[in-house]
Amino acid sequence: MAAHSALAARPDAPAPSGFLSPAGVEIAFLLVGIATFGAALVTVTTRQLVHAALWLVVALGGLAVEYLLLTAEFIAWVQVLIYVGSVVVLLLFGLMLTRAPIGRSPDADSGNRWAALGVAVAAAGALVWVVVDAFRTTWIDLDGPAQGSTGATGSFLFRHWVLPFEALSVLLLAALVGAIVLSRKRGKEQS
């Protein structure tokens, strides 16, 4: 007991990092990553549009958990609010307003799965190559401000990315208005 209190009183002793040890965070990150990858695979392979949208919620929620494990709380909550809260709800409203089939959709499969898989693998390889090439010489200053903190992220976003955020909000609004207009025209044609 005395050894534990002496160890805790030492100024050079590492501070406890949280409820998980560093190895526990890595294991949780790996498990959540596998679950997120599985949800993403089900999203793109299911033949039911509503199920695909709901699995997309699981995949995007898994990404938010990954951000939380990386201690980027602001980005995690933006992920939840913008993607899970807005984009998926907009997608579900679009499915409902355009009267997309809720069950299996045989016309949603064009039979080009192998070509799509090849394009997806090539696009993923190109994306990995571009990211590795872009950040090969970039080093994070660990003594500077925290990169995932709300202050640093908000300052960077509102200094450099305000216009794309506003353009995205206008695009989402236009998509919602377009879905409403299409559903109204179909309703008038049927009556």
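Between Phe74 and Ala152, what is the label-point separation in nm under the 7 Å Cα-to-beta-carbon projection?
1.0
Report the accessible area of Thr43, computed with a 1.4 Å probe over the heavy atoms of all protein chains in place, in Å² rounded to the nearest 10.
Roll a 1.4 Å probe over it and Thr43 shows about 30 Å².
Counting only other residues whose beta carbon sits under 12 Å from that of Gly33, what net charge do I get with K and R as +1, D and E as -1?
Local net charge: -2.
In sequence order, what are the phi-derived ³J(HN,Hα) couplings for segment 159-167 according to the Karplus relation 6.51 cos²θ - 1.76 cosθ + 1.60 with θ = phi - 60°, rounded to whole Hz, with x for glycine and proline?
8, 10, 10, 5, 4, x, 5, 5, 5
The values are calculated or read from the model by the stated rules, or taken from the named source; none is laboratory data. Predicted model, so just to flag it, every value in this text is computed and none were measured. Don't worry about glycine lacking a Cβ; one is built from the backbone with ideal geometry, like all the others, and counts go over all protein chains shown. Note: accessible area is taken over every heavy atom of the protein model, side chains too, but ligands, DNA and RNA are not part of it. Shrake-Rupley method; radii C 1.70, N 1.55, O 1.52, S 1.80 Å.
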